[in-house]
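Let me begin by presenting the structure, written as structure tokens, before commenting on it.
The values are calculated or read from the model by the stated rules, or taken from the named source; none is laboratory data. Just so we're clear, the structure is a prediction, and the values are computed from it rather than from any experiment. Here the Cβ positions follow ideal geometry from the backbone for every residue, glycine too, while neighbour counts run over all protein chains shown.
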């Protein structure tokens, strides 16, 4: 039996049947996915909705970044290898129509070897590769002590994959600029939706 967050299970007892769409959709996230899996229920992104020029993407608001492994600064401080940029509203709206729970949508640019890391603030994401950034760019998952590759996968372009980013992983063999759209659950917005739309009249305040 799949295990879901206790608050999600608890909420199901408070909501009327016609109010569980978001909860049901959230429960359908592949919680037992080990590394990566193809996402067939989200179509290809229309080409007129996304940018393909890294210089154009760099004009957007920066969300987060990673420096090279040799740089003497912590991860997720302004760096040069991996950078997230806020996606424009039109792209965000299109992506959101294909997810039944609130999501965050950003571009990611990768220009070199990404160090082994676990993502901050998310354990699952959905990536759509626009430009692979090289002929043999590989995403690798590592064991806990970062000494052995336990899974390696070359993602194709123009399709959605769900990834486990809550375990050690890196990206290798980038020779150009890797461009992708990356999506993950907007936890804060999901909580607000539950609280504001479903719990307002119940007098329940257990969700924090």
Give, as residue ranges, the strands (runs of 3 or more DSSP E) completely inside the range 149-208 that count at least 1 residues that are touching a helix residue (DSSP H, G or I) at 6+ places or on another chain (Cβ under 9 Å) and modelled with pLDDT of 90 or more.
178-185
Keeping to the range 93-104, report how many residues are closer than 12 Å to residue 50 by Cα and under 15 Å from the mean Cα position of the chain (by Cα).
1
If a residue has to be modelled with pLDDT of 95 or more and under 19 Å from residue 54 (Cβ atoms) to count, how many in the range 114-134 make the cut?
8
Among (1) in contact with a helix residue (DSSP H, G or I) (Cβ under 9 Å, 6 or more places away or on another chain); (2) surrounded by fewer than 21 Cβ atoms within 10 Å (Cβ to Cβ) - the single one residue 123 does not satisfy
(1)
